[in-house]
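Just so it is clear, none of the values below were taken in a lab; they were calculated from the coordinates. Keep in mind it's a predicted model, so treat the numbers as computed, not measured. Methodologically, a virtual Cβ is constructed for each residue, glycine included, from the backbone with ideal geometry; neighbour enumeration extends over all protein chains shown.
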Amino acid sequence: MSTDNWLIRTELLIGTEKIESLRQANVLVVGLGGVGSFAAEFLCRAGIGRMTIVDGDVVDVSNKNRQLPALNSTLGQPKAEVMAQRMLDINPELELRVVQAFQQPDFMEELVRGGFDYVLDCIDSFQPKINLLVQCLDAKVNLISSMGAGGRVDPSKVKIDDVFRSYNCPFAQQTRKFLRQRGIKKGFPVVFSSELVMPNSLQLTAGSAYKKSYYGTISYLPALFGIHMASYVIRKLSGLL
């Protein structure tokens, strides 16, 4: 079966010129959990030509409720490798760089200077997220960031707006506080939920991998965050937004 015209329906919708813009784009996705895995796949399915995906974690049984690479058959496997196989199975012509590493501060600086048209921050731990955001802002790289998807159930409350206009999100509040301390007043787009967090869904951790706590999550909310992120970048790169 021929795969030459697999984007025929996308081309019918947005036209050949915009398809070519997406094919020429170079995009970085950092974090391949419940948000990032869906963002990466939908960028791939839109025909983005060059991508770098970054994640240092392996698939855990607790990921199965919300993460695209999480199956019984992939338990213990690196998320980045699982997603790479899946994305190349969608588009074998995709120029894909796979980075299986946790997001250390010195690594972030090198990473974002890779000539990317857009960076998608899908990290769910605060310190690595801040490191990535600061490097993107310093390098003047286009970005969109995911705020907290946990502790919520209402998909109608998910929005895209500037980080300084987000509300009802503790993760975004913490991010804004840090940015102001750094003297950063110009914002950037984020995906967030205006739904109040369910406080009883919070779980404290031992603090490994920069993560001190997490909220319970439902299957569709992180995916919806990822879809919003992908849609924003696709529309920006193709001139639809």
Simple Cβ-charge dipole of the stretch 8-238, Lys/Arg +1 and Asp/Glu -1, about Cα centre, in debye nearest 20: 780
Rounded to 5, the percent of DSSP beta bridges in the stretch 8-238 classed as antiparallel: 30
Theoretical gain in end-to-end length, residue 100 to residue 202 [0.36 nm per residue, Cα-Cα removed]: 33.9 nm
DSSP bridge pairs, the stretch 1-108: antiparallel proportion in percent, nearest 5: 10
Projected label distance in nm at residue 13 and residue 235, using a 7 Å step from Cα toward the beta-carbon: 1.2
Euclidean distance of C-alpha centroids, the stretch 1-64 and the stretch 97-122, integer Å: 17
Estimated 222 nm signal from helices in the chain, with DSSP H stretches of n ≥ 4 weighted -39500 (n - 2.57), rounded to 500: -11500 deg cm²/dmol
